[in-house]
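Visitor: Let me give you the structure first, and then I'll get to my questions.
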Amino acid sequence: MATLESKLVDMLSGPVEALGFDLWGIEYIQAGKHSIIRVFIDAENGINIEDCAEASRQISAIMDVEDPITTEYTLEVSSPGVDRPLFTAEQYAAYVGEDAKVQLTMPVNGSRNLKGVITAIDGQMLTMTVDGKELIVALDNIRKGNVIAKF
């Protein structure tokens, strides 16, 4: 996880949890004047639009006071959804046996995009079965990871 995202997680975890939600993760997409901060919240009984609005107001107020980003950005608050992004070792561990796709910073076996089954997590190392082969990937090498929704 990038340094800014880690700082935002540290800054926002307490206030989001005080609202009764879990801070699932944060994505920061830098795009010049149109940067986006996506904050994913979750709760045992799910998240609705009112929950997102309440969390957005609280997060926005904190961001205005703390001012961790000096450029303009758009704040988006949502549920992780069915194709939930994965950010931490604990989240990957909760989805062992599930299909997932990951985008890597550095290629593993010549590929930056992997799609397969999460088979294990050991510390900061993820094991996936991709096309019948087990691959081990450092979590630090994962740019983006998502569960693949089954319908």
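Bear in mind that the values in this text are calculations on the coordinates, not laboratory data. Fair warning: this is a prediction, and the values are worked out from it, not measured in the lab. Glycine gets a Cβ as well: all are built from the backbone with ideal geometry, and neighbour counts include every protein chain shown.
Visitor: Modelled label-to-label distance, Asp22 and Asn45, 7 Å Cα→beta-carbon offset: nm?
Guide: 1.7
Visitor: Based on the Cα atoms of the chain, what semi-axes does the equivalent ellipsoid have, where each is the square root of 5 times one gyration tensor eigenvalue, given in whole Å with the largest first? Please report the intermediate quantities before stating the final value.
Guide: Numbers: eigenvalues 168, 64, 33 Å².
Sorted largest first and rounded, they come to 29, 18, 13 Å.
Visitor: Please give the length that would be gained between Thr119 and Lys144 if that part of the chain were fully extended, namely 0.36 nm times their separation in residues minus their C-alpha to C-alpha distance (nm, one decimal). Walk me through the intermediate numbers first.
Guide: Numbers: separation 25, 0.36 × 25 = 9.00 nm, distance 1.76 nm.
Stretched fully, the Thr119-Lys144 segment lengthens by 7.2 nm.
Visitor: Tell me the angle of helix 3-18 to the major Cα principal axis of the chain, expressed in degrees between 0 and 90 and rounded to the nearest ten.
Guide: 60
Visitor: How big is the dipole moment of the range 54-113 about its Cα centre under a simple scheme where the beta carbon of each Lys and Arg is +1, that of each Asp and Glu is -1, and everything else is neutral? Debye, nearest 20, please. Can you show the working numbers first?
Guide: Values: 4 positive and 10 negative charges, 68 e Å.
In total the dipole reaches around 320 debye.
Visitor: On a straight-distance basis, which lysines could pair with Lys7 in a cross-link, Cα separation under 24 angstrom, same-chain partners fewer than 8 positions away excluded?
Guide: Straight-distance partners of Lys7: Lys33, Lys144.
Visitor: Specify the angular offset, from 0 to 90 degrees and rounded to the nearest 10, of the alpha carbon long axis of helix 49-66 from the longest principal axis of the alpha carbons in the chain.
Guide: Tilt of helix 49-66: around 70 degrees.
Visitor: Measuring from label point to label point, each 7 Å out along Cα→Cβ, what is the Ser111 to Lys7 span in nm?
Guide: With each label placed 7 Å out from Cα toward Cβ, I get 3.6 nm.
Visitor: Would you mind counting up the charge near Pro85? Only other residues with Cβ under 13 Å from its Cβ, with Lys and Arg at +1 and Asp and Glu at -1. Display every interim value, and only then the final one.
Guide: Details: positive: Arg38, Arg84, Lys101, Arg143, Lys144; negative: Glu5, Glu27, Asp42, Glu76, Asp83.
Charge balance in the 13 Å sphere: 0.
Visitor: Top mean-square fluctuation among Thr119, Thr88, Thr70, Gaussian network model of the chain, C-alpha springs under 10 Å?
Guide: Checking each option, the largest mean-square fluctuation is seen for Thr70.
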